[in-house]
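Q: I have a structure here, written as structure tokens, and I will follow up with some questions on it.
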Amino acid sequence: MRLSPIIAAACALLSKHVGADQSEEETVDLTILELAQSDPDNFSILLSLVDEAGLAEALSREGPFTLFAPTNDAFDEIPDEIISFWREDGDALKNVLMYHVLNGAILSTDLVDGGDYKSLEGSDLHVHDMGGVPEIGNEALDYFVNITEADVTASNGVIHVIEDVLITEDILELLEELSFDDEEGSFDNED
């Protein structure tokens, strides 16, 4: 089994810090932001948006935080018009990104099936446990995404890699307004 670069980086850091006189409580020295930066193949779009929204410093702070990190593939599924809109509207971009962050370091084993967790954006994220594979999302929209890589520990929290971008009612309305093709019944994401 091949480890993702983000897990490999965390393992490398842990291995260099483990010694006979090291405590078991020692954590990885990299912040959430630095761990994401160590894997640009998966997180370059997220990092670009975090930078544009002025949130890079926040993800480097002490925390702790939990970041549900969409991959580049997840952002590639969002229509270009939506990404452009987010980049032009700083508040919308901040809200989308803050919807992916919780206060506190919450490991996947601490996510309670049926539990609601307040995002820094202000909306709740709801958890479903689908036979050992936790899903997180918006219960009102019945929209959930899989956590594909859980519990990537950072010095200021934890990252859970997710397969799609989390959406709120506001984001869904925007998606429908900007790119829904009524005739085909699908989103139009022309490159």
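Q: For region 36-168, what are Rg and Dmax over the alpha carbons, in angstrom?
A: Calculated on Cα positions, Rg and Dmax stand at 13.7, 40 Å.
Q: Largest first and in whole Å, give the semi-axes of region 40-114's equivalent ellipsoid, each being the square root of 5 times a Cα gyration tensor eigenvalue. Before the final figure, lay out the partial values.
A: Numbers: eigenvalues 101, 45, 29 Å².
Here the semi-axes work out to 22, 15, 12 Å.
Q: Take the Cα atoms of region 98-139, find their three principal axes, and give me the spread along each one in whole Å, biggest first.
A: That works out to 29, 22, 13 Å along the principal axes.
Q: Also, quick follow-up: Show Glu177, Glu149 ordered by accessible area, largest first, where the area counts protein heavy atoms only and the probe is 1.4 Å.
A: Glu177, Glu149
Q: Hey, with R₀ at 22 Å, roughly what FRET efficiency would Asp89 and Lys118 work out to, going by the Cβ-Cβ distance, to 0.05?
A: 0.40
Q: Note down, for region 100-172, the three equivalent ellipsoid semi-axes (square root of 5 times each alpha carbon gyration tensor eigenvalue), biggest first, whole angstrom.
A: Taking √(5λ) for each Cα gyration eigenvalue gives 18, 14, 11 Å.
The values are calculated or read from the model by the stated rules, or taken from the named source; none is laboratory data. Just so we're clear, the structure is a prediction, and the values are computed from it rather than from any experiment. Every residue, glycine among them, receives a Cβ derived from its backbone with ideal geometry; neighbour counts consider all protein chains shown. The accessibility values were calculated without ligands, DNA or RNA, using every heavy atom of the protein model including side chains. Shrake-Rupley method; radii C 1.70, N 1.55, O 1.52, S 1.80 Å.
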